[in-house]
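Working notes, beginning with the structure itself.
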Amino acid sequence: YWFRLAPVEAVRHVVTRGVVIAEVMGTGTIEARLKADIGPKISGLVTEVLADQGDRVKPGQVLLRLDDRDLKRQVEAAEAGVEAASAALDRLLADRKRVEAVLEQARREHGRQEGLLKSRIATSDDFDRAIEGLRVAEANLASADAAIAEGRKTSIAAEKTMEFHRARLADTVVLAPFAGLIVHRGRDPGSIVVPG
């Protein structure tokens, strides 16, 4: 009874800040949780390697560049193609306005000849020529509309081609997909690389 209810002596200990060192000794292999083999999407000549073995990289950091001279020229040609398709479409739209004016004139002439025929001032040949002129003007308008539709499709195709060439040009720069450590570099400037 006396031992159970006897006062216990307290020991005072001062806590301080410091470095806790935890060491684990042994053999083993450390493996990354997330790893990737990084390479270009297109074939090409490596012109610049901007990350080396042992370097830490951030997401989106440029790792290497490929020769892009030919692809830049293709983009320039595609941009010129877009401009040419746009100019051709503008010309077709202007042609349609001219055809609309001719059609309006043919309609007026048809109406005038019809009135003259009813009052027996014009001949049926004059009226037939007015009908023929109206039909030709209507056919020209339909042709102009078809040409405009074709011009719009050509313009869209030129823009898609330009987007494709710009995407290929962007593929000449290889970026880090995530933050990490470069553990192996397999190519040097002057090397030819292929996708994968």
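The values are calculated or read from the model by the stated rules, or taken from the named source; none is laboratory data. Note that the structure is a prediction, hence the values are computed from the model and not measured. Cβ atoms come from the backbone with ideal geometry, glycine included; neighbour counts cover every protein chain shown. These area figures cover heavy atoms from the full protein model, side chains too; ligands, DNA and RNA do not enter into them. Shrake-Rupley method; radii C 1.70, N 1.55, O 1.52, S 1.80 Å.
Worth a mention:
- Residue count for segment 30-57 under the criterion of being open to solvent by 70 Å² or more (accessible area, probe 1.4 Å), modelled with pLDDT of 85 or more, assigned to a loop (DSSP other than H, G, I, E, B) and over 16 Å from H184 (Cβ atoms): the result is 2.
- Contacts under 9 angstrom Cβ, first residue in segment 21-34 being under 23 Å from V183 (Cα atoms), partner open to solvent by less than 100 Å² (accessible area, probe 1.4 Å) and assigned to a loop (DSSP other than H, G, I, E, B), 6 or more apart: L34/F178
- For segment 113-161, the candidate set comprises residues that are hydrophobic (A, V, I, L, M, F, W, C) and over 30 Å from A87 (Cα atoms); within that set, the residue that is most open to solvent (accessible area, probe 1.4 Å) is I121.
- Residues in segment 174-196 that are open to solvent by 50 Å² or more (accessible area, probe 1.4 Å) and of a type in the set (A, V, I, L, M) were compared, and the one that is nearest to the chain's Cα centre (by Cα) is L175.
Condition check ((1) of a type in the set (A, V, I, L, M, F, W, C); (2) touching a His at 6+ places or on another chain (Cβ under 6 Å); (3) outside any helix (DSSP H, G or I)) across all residues:
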{"position": "L134", "(1), (2), (3)": "yes, yes, no"}
{"position": "E138", "(1), (2), (3)": "no, no, no"}
{"position": "S143", "(1), (2), (3)": "no, no, no"}
{"position": "I148", "(1), (2), (3)": "yes, no, no"}
{"position": "R152", "(1), (2), (3)": "no, no, no"}
{"position": "M162", "(1), (2), (3)": "yes, no, no"}
{"position": "L169", "(1), (2), (3)": "yes, no, no"}
{"position": "F178", "(1), (2), (3)": "yes, no, yes"}
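- Counting residues in segment 64-81 that are among the acidic types (D, E), in contact (Cβ under 8 Å) with a residue 60 or more places away in the chain and over 21 Å from G190 (Cα atoms) gives one or more.
- A87, sole failed condition from (1) part of a loop (DSSP other than H, G, I, E, B); (2) among the small types (G, A, S); (3) farther than 30 Å from V174 by Cβ; (4) at pLDDT 90 or above: (1)
- Of the residues making up segment 172-196, those that are at negative phi and out of contact with any strand residue (DSSP E or B) (no Cβ under 8 Å at 6 or more places or on another chain) are P177, F178, V183, H184, G186, V194, P195.
- Scanning segment 104-145 for residues that are closer than 22 Å to A94 by Cβ and of a type in the set (S, T, Y) returns a single hit, S143.
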